[in-house]
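K.L.:
Below: one structure in structure tokens.
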Amino acid sequence: MRLVLLGPPGAGKGTQAQALAALWGIPQIASGDLLRAVVREDSELGREAASYMDRGQLVPDELVLKLIAERLRKKDARDGFILDGFPRNVMQAEALAAGLERVGLKLDKVVAVIVPDEEIVKRISGRRTCRNCAAMYHVIFEPPAKTGVCDKCGGALYQRDDDAEETVRERIKVYEAATRPLLDHYGRLGLLAQIDGVGSTDEVEKRILAAVDGPAASGQAGAGVGRARL
Ligand code: ADP
Ligand code: ADP
Ligand code: ZN
């Protein structure tokens, strides 16, 4: 399965991508996680990326595309992947399609998780992430057993700098301007399913599973000739 999860910040893409990755045994590839790893290195590039992320703006395509291409080339992504947070604009979507096509592959499905703005702000303001394993929690909706501690690995939970309310508003605007056009883009390609992201995480997961079983999820690449692996 080569799946893209689309949706506004806080829609639950990461939560769902982690669950589906475990279910299917394929990696979750989150551009935000790849970028945060670069930022942690404290390099010139990391500082540049952070300057965009802290403002809620998109990091330049060139850097994001390089990180995604490197990640997709790793062995564990050969038989499928779940992209979370990438692509975020039409340029990135076209670069992804071209990169996959070069190795005889294509996306199976794009699922957009639809959540209203008020719910987004509630979800993001309570979001906590494990510093160690990146597991996701919510102080009200998905609280850990012990405050501030990851259930899975005992790591410390933290709140992302860019989850401050003002930055979230900016990220929603950026989503509307740059990312929402991808719904039309993938709709035209016949790859898109839109699902309601409001409900329990299990309910949302079931909707995604139903959507990827739909008619557009052919799972086959090109004409099947000379099919290579990315
Ligand atoms: P969320 O899902 O809450 O929006 P992400 O972790 O996906 O958060 O992204 C955090 C930030 O990282 C974004 O606001 C943006 O600055 C940057 N970022 C993530 N993915 C991309 C991308 N595909 N292109 C450009 N910038 C990105
Ligand atoms: P995204 O990757 O789209 O930015 P996340 O998966 O990080 O979104 O989810 C944002 C926050 O909302 C997290 O704190 C997460 O625990 C919580 N969350 C995710 N799915 C749901 C849901 N179905 N109902 C309530 N809260 C949710
Ligand atoms: Zn953890």
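K.L.:
Of all residues in segment 126-147, which are closer than 21 Å to residue 165 by Cβ and within 12 Å of ligand 3 (Cβ to nearest atom)?
P.N.:
Selection gives 128, 129, 136, 137.
K.L.:
Further question on the same structure: Quick one: in segment 30-40, which of the residues that are more than 10 Å from ligand 1 (Cβ to nearest atom) and of a type in the set (A, V, I, L, M) is least open to solvent (accessible area, probe 1.4 Å)? Outline the logic, then answer.
P.N.:
Of segment 30-40, the ones more than 10 Å from ligand 1 (Cβ to nearest atom) are 37-38, 40.
So of that shortlist, the ones also of a type in the set (A, V, I, L, M) come out as 37-38.
On the way: 37: 39, 38: 13 Å².
Of everything passing the filter in segment 30-40, 38 is least open to solvent (accessible area, probe 1.4 Å).
K.L.:
Is it true that residue 177 is more than 14 Å from ligand 2 (Cβ to nearest atom) and assigned to a strand (DSSP E or B)?
P.N.:
Details: more than 14 Å from ligand 2 (Cβ to nearest atom): yes; assigned to a strand (DSSP E or B): no.
Judged against the criteria, residue 177 is not a match.
K.L.:
Right, something else. Residue pairs, Cβ under 8 Å, 6 or more apart or interchain, first in segment 1-15 and of a type in the set (Asp, Glu), second open to solvent by less than 10 Å² (accessible area, probe 1.4 Å). List them.
P.N.:
none
K.L.:
Exactly one condition in (1) within 16 Å of ligand 3 (Cβ to nearest atom); (2) hydrophobic (A, V, I, L, M, F, W, C); (3) under 16 Å from residue 174 (Cα atoms) is false for residue 86; which is it?
P.N.:
Evaluating residue 86 over (1) within 16 Å of ligand 3 (Cβ to nearest atom); (2) hydrophobic (A, V, I, L, M, F, W, C); (3) under 16 Å from residue 174 (Cα atoms) leaves (1) as the failure.
K.L.:
Would you please name the residue that is nearest to ligand 3 (Cβ to nearest atom), looking only at residues in segment 101-116 that are basic (Lys, Arg) and open to solvent by 40 Å² or more (accessible area, probe 1.4 Å)? Even if it seems obvious, please write down each step before you answer.
P.N.:
Filtering segment 101-116 for residues basic (Lys, Arg) gives 102, 106, 109.
Still in the list and also open to solvent by 40 Å² or more (accessible area, probe 1.4 Å): 102, 106.
On the way: 102: 36, 106: 34 Å.
The residue in question is 106.
K.L.:
Just give me the residues in segment 1-37 being away from ligand 3 (no atom under 16 Å from the Cβ) and in contact with a Gly (Cβ under 7 Å, 6 or more places away or on another chain), in sequence order.
P.N.:
1, 2, 7, 11, 12, 13, 24, 26, 31, 32
K.L.:
Please go through segment 58-94 and give me each residue that is within 16 Å of ligand 2 (Cβ to nearest atom) and assigned to a loop (DSSP other than H, G, I, E, B), ordered by number.
P.N.:
Scanning segment 58-94 gives 58, 59, 85, 86, 87, 88.
K.L.:
What are the residues in segment 113-131 that are within 11 Å of ligand 2 (Cβ to nearest atom) and in contact (Cβ under 8 Å) with a residue 40 or more places away in the chain, if any?
P.N.:
113, 115, 119, 120, 121, 123, 124, 125, 127 - these are the residues of segment 113-131 that are within 11 Å of ligand 2 (Cβ to nearest atom) and in contact (Cβ under 8 Å) with a residue 40 or more places away in the chain.
K.L.:
Filter segment 13-36 down to residues that are more than 16 Å from residue 58 (Cα to Cα), among the hydrophobic types (A, V, I, L, M, F, W, C) and more than 13 Å from ligand 2 (Cβ to nearest atom), then give me how many there are. Step through it out loud before you land on a result.
P.N.:
At the first step, the residues of segment 13-36 found to be more than 16 Å from residue 58 (Cα to Cα) are 13-29.
Those still in the list that are among the hydrophobic types (A, V, I, L, M, F, W, C) too: 17, 19-24, 26, 29.
Okay, now just the ones that are also more than 13 Å from ligand 2 (Cβ to nearest atom), so 22-24, 26.
Total satisfying the criteria: 4.
K.L.:
Here are some conditions: (1) in contact with a helix residue (DSSP H, G or I) (Cβ under 8 Å, 6 or more places away or on another chain); (2) outside any loop (DSSP other than H, G, I, E, B). Residue 106 meets all but one. Which one does it not meet?
P.N.:
(2)
K.L.:
Still on this structure, I have one more. Between a first residue in segment 54-71 that is more than 15 Å from residue 94 (Cβ to Cβ) and a second residue that is open to solvent by less than 70 Å² (accessible area, probe 1.4 Å) and not in a helix (DSSP H, G or I), which pairs have beta carbons less than 6 Å apart while being 6 or more apart in sequence or on different chains?
P.N.:
Listed pairs, sorted by first residue: 71/29.
The rows are residues; the columns are (1) modelled with pLDDT under 95; (2) open to solvent by less than 40 Å² (accessible area, probe 1.4 Å).
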site	(1), (2)
20	no, yes
28	no, no
42	yes, no
57	no, no
68	no, yes
81	no, yes
87	no, yes
97	no, no
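K.L.:
List pairs: first residue in segment 146-167 and on the phi > 0 side of the Ramachandran plot, second residue in a strand (DSSP E or B) and surrounded by 14 or more Cβ atoms within 10 Å (Cβ to Cβ) anywhere in the structure, Cβ distance under 6 angstrom, at least six positions apart or on different chains.
P.N.:
148/157
K.L.:
Right, something else. Could you please find all residues in segment 148-182 being of a type in the set (A, V, I, L, M, F, W, C), away from ligand 3 (no atom under 16 Å from the Cβ) and surrounded by fewer than 14 Cβ atoms within 10 Å (Cβ to Cβ)?
P.N.:
Step one: filter segment 148-182 for residues of a type in the set (A, V, I, L, M, F, W, C), giving 149-150, 153, 156-157, 164, 168, 172, 174, 177-178, 182.
With away from ligand 3 (no atom under 16 Å from the Cβ) added as a condition, the list becomes 164, 168, 172, 174, 177-178, 182.
177 - this is the single residue of segment 148-182 that is of a type in the set (A, V, I, L, M, F, W, C), away from ligand 3 (no atom under 16 Å from the Cβ) and surrounded by fewer than 14 Cβ atoms within 10 Å (Cβ to Cβ).
The values are calculated or read from the model by the stated rules, or taken from the named source; none is laboratory data. Predicted, not measured: the structure shown is a model, and the values here were computed from it. Positions of Cβ are backbone-derived with ideal geometry, glycine not excepted, and every protein chain shown enters the neighbour counts. These area figures cover heavy atoms from the full protein model, side chains too; ligands, DNA and RNA do not enter into them. Shrake-Rupley method; radii C 1.70, N 1.55, O 1.52, S 1.80 Å.
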